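Since the structure comes first, as structure tokens, the remarks are kept for the end.
The values are calculated or read from the model by the stated rules, or taken from the named source; none is laboratory data. All values derive from a computational prediction rather than experimental measurement. Glycine gets a Cβ as well: all are built from the backbone with ideal geometry, and neighbour counts include every protein chain shown. Side chains are part of the model used for accessible areas, which takes the heavy atoms of the whole protein and leaves out ligands, DNA and RNA. Shrake-Rupley method; radii C 1.70, N 1.55, O 1.52, S 1.80 Å.
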Amino acid sequence: MTTARRTSYGVKGAPYAFLVPAAVLFALFFALPIGYAVWLSFHKVRVSGLGLGSGARKEVWAGLENYTDALTDSELVHGALRVLGYGCIVVPVMLGLALLFALMLDSEKVRLAPFTRLAIFLPYAVPGVVAALLWGFLYLPDVSPFFYVLGKLGLPQPDLLDGGPLYLALSNIAVWGGTGFNMIVIYTSLRAIPAEVHEAAKLDGATPLQTALRIKIPMVAPSLVLTFFFSIIATLQVFNEPTTLKPLTNSVSTTWSPLMKVHRDAFGTGDVYQAAAEAVIIALATLVLSFGFLRAANRRNRQEAAS
């Protein structure tokens, strides 16, 4: 009886034993750093006198002071506005191209579909820093082959690293690298549509365009919501592209995006407490926007299902 009871306990405890490694890694490399960042955000360093000698610099409780300073910091606010403009370009263009490519690959008349899928997805496999360096040199008039061709043709050579075109240059890098991943997600959802649905559409005389607009797109709406969710998170966390292009132009400051300001404050000025508060604010903003969108999308789906 005792042996059977021990065996029963062992079987019931097996799933928890398998979860222990993942739980430990999650605690050490995710939960603990987040908790430490939150703890830092409520503290600051108080300097006594000239800040020299033992005990001259003391860590004290700051309350909401770091958060107040962050929310009233014009550099952080302007960085958020720049990211908002950047996102208004990246998200609709990237998801629109991903949906278009997925629909084209799902067409019966498509040729060389495996090669095309690979060609569209391949830029996603290129690291973000490498992609930014690649496009950065293509934007420089002195080394870019595009500017050489434009010069030979007598056409104007726009400065893509200054002013308004800078947003297009940065957005192009993100669209080039992210379209393939989103296309694969949407294409996988399209391939899961039952063949009977396509046959019924043909029998009803629906054209390929009508089938795409009235059947395929509504049926892959959950995938579109998912890709939009990922795109929002990636946009709010933009860092690699502007940081990599910064040495190539004076138009990208060290605080061009909110994450760049966090990096500047933490590793440039050494104010890790202010940087921690800014990081927490960015994380909360990402959480609110992402789950707010998901909740709105789920509410709309329930309303459509009820009607």
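Listing for the model above:
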quantity	calculated
Accessible surface of the range 51-140, 1.4 Å probe, proportion on carbon and sulfur as whole %	71 percent
Label-reachable residues, the range 242-261, where backbone N falls under 19 Å from a point 7 Å from Leu138's Cα toward its Cβ	242-249
Label point distance in nm, Ala31-Ile233, each placed 7 Å from Cα along Cα→Cβ	1.9 nm
Using a Förster distance of 51 Å, the FRET efficiency for Val20-Leu209 (Cβ separation, nearest 0.05)	0.45
Accessible area in the full protein assembly, largest first, 1.4 Å probe, for Arg264, Arg57	Arg57, Arg264
Where Trp176, Trp39, Trp135, Trp61 fall by accessible area, highest first, once all protein chains stay in place (1.4 Å)	Trp61, Trp39, Trp176, Trp135
Area accessible to solvent at Asp162, 1.4 Å probe radius, in Å²	80 Å²
Solvent-accessible area, 1.4 Å probe, carbon plus sulfur percent, for the range 147-303	64 percent
For His43, solvent-accessible area (1.4 Å; no DNA, RNA or ligand), Å²	20 Å²
Computed [θ] at 222 nm, deg cm²/dmol, the chain (DSSP H ≥ 4; -39,500 (n - 2.57); rounded to nearest 500)	-22500 deg cm²/dmol
Loop sites in the range 42-151: GluC sites (Glu not before Pro), DSSP, at most 16 other Cβ within 10 Å	Glu108
In sequence order, calculated HN-Hα J values of the range 185-191 (Karplus, 6.51, -1.76, 1.60; Hz; x Gly/Pro)	4, 5, 5, 4, 5, 5, 5
Cβ-derived FRET efficiency at R0 30 Å, Val126 paired with Lys202, nearest 0.05	0.15
Neighbourhood net charge (11 Å Cβ-Cβ; Lys/Arg +1, Asp/Glu -1) for Ala80	-1
Whole-Hz couplings from phi, Karplus 6.51/-1.76/1.60, listed for the range 271-287; x for Gly and Pro	8, 6, 6, 5, 5, 5, 5, 5, 5, 5, 4, 4, 5, 5, 4, 4, 5
Heavy-atom accessible area per residue - the chain, 1.4 Å, Å²	62 Å²
Val288/Ala113 FRET efficiency (R0 35 Å; Cβ-Cβ; nearest 0.05)	0.30
